[in-house]
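Only one structure is covered here, and it is reproduced in the block below.
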Amino acid sequence: MTAQLAALVYRWLFPALWTAWAFYWWLTSIDVKATARREPFLSRVAHLGPMLLAAAILWTPRTGLAALDARFLPATPWNFGAGAALTLAGLAFAVWARRHIGRNWSAIVTLKQDHELVTSGPYALVRHPIYTGLLAAFLGSAIALGQWRGLLAVAIVYLALLRKYRLEERWMRERFGLAYDAYRARVKALVPFLF
């Protein structure tokens, strides 16, 4: 790979991956079931705000804070490639989950009319595979960046998604009762067999 091509890959690969994912997310948000119950606006801000902050921390050229801009991994092609592979895998896993949940999906915590409990495909591996995929993608991006601010962004995303999934769990238990309790007993929330 020429130095010029390498520079282009380093500069544009991650923006291209995340932009393609965001475009797919937006495109598929059109065909969903009508909402029967929606979380309040302030609740949405409580998890969307931190996720936007995490993205800003990860993708700004520098934070201006030496400790956050310091490296925890050396800038090597291997680290960049491993981070890119993990980001791609995470985004692909989230897309698979999004396709599998179909018209029941929503970007915010909602219950849809005729909401179905989906427990197959990626939902047989973890209860919140979209969150798993996003966490993996943020972690991959942090590995490719190799700076401590990347890990801070991952921690912020984790806490935001943890808050969101706890609310979602409560609503799903209210809606599906014993069926959801059995699903929870069988399938971990975010990491297969662990958590």
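The values are calculated or read from the model by the stated rules, or taken from the named source; none is laboratory data. The structure displayed is predicted, hence computed values, not measured ones. Positions of Cβ are generated from backbone atoms using ideal geometry, with glycine treated the same way; all protein chains shown enter the neighbour counts.
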Inter-residue pairs, beta-carbon under 8 Å, first farther than 22 Å from LEU135 by Cα and in contact (Cβ under 8 Å) with a residue 24 or more places away in the chain and in the range 50-67, second hydrophobic (A, V, I, L, M, F, W, C) and surrounded by 11 or more Cβ atoms within 10 Å (Cβ to Cβ), 6+ apart:
ALA67/TRP148
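Is it the case that LEU152 is more than 20 Å from LEU91 (Cβ to Cβ) and modelled with pLDDT under 95? Working first, answer last.
Numbers: more than 20 Å from LEU91 (Cβ to Cβ): yes; modelled with pLDDT under 95: no.
Answer is no for this residue.
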State whether the residues of the range 78-94 include one that is assigned to a helix (DSSP H, G or I), under 17 Å from GLY140 (Cα atoms), at pLDDT 90 or above and more than 20 Å from the chain's Cα centre (by Cα).
yes
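So which residues in the range 47-64 are in a loop (DSSP other than H, G, I, E, B) and either out of contact with any helix residue (DSSP H, G or I) (no Cβ under 9 Å at 6 or more places or on another chain) or surrounded by 12 or more Cβ atoms within 10 Å (Cβ to Cβ) (or both), if there are any at all? Step through it out loud before you land on a result.
We begin by selecting, within the range 47-64, every residue in a loop (DSSP other than H, G, I, E, B); these are 60-64.
Answer for the range 47-64, where residues must be in a loop (DSSP other than H, G, I, E, B) and either out of contact with any helix residue (DSSP H, G or I) (no Cβ under 9 Å at 6 or more places or on another chain) or surrounded by 12 or more Cβ atoms within 10 Å (Cβ to Cβ) (or both): PRO61, THR63, GLY64.
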Residues within the range 98-120 that are surrounded by fewer than 18 Cβ atoms within 10 Å (Cβ to Cβ) and either among the hydroxyl-bearing types (Ser, Thr, Tyr) or in contact with a Pro (Cβ under 8 Å, 6 or more places away or on another chain) (or both), tallied
3
Against the conditions (1) loosely packed, with under 15 Cβ neighbours inside 10 Å; (2) modelled with pLDDT of 90 or more, where does THR35 fall short? Just the number, please.
(2)
Looking at the range 32-49 only, could you name the residues that are closer than 13 Å to VAL109 by Cα and either of a type in the set (D, E, K, R) or without any contact (Cβ under 8 Å) to a residue 40 or more places away in the chain (or both)?
ARG37, ARG38, GLU39, PRO40, PHE41, LEU42, ARG44, VAL45
Tell me, please, whether a residue that is more than 21 Å from TRP26 (Cα to Cα), part of a loop (DSSP other than H, G, I, E, B), out of contact with any Asp or Glu (no Cβ under 9 Å at 6 or more places or on another chain) and of a type outside the set (Lys, Arg) can be found in the range 121-144.
yes
(1) part of a helix (DSSP H, G or I); (2) within 22 Å of the chain's Cα centre (by Cα); (3) loosely packed, with under 15 Cβ neighbours inside 10 Å all hold for TRP18 apart from (3)
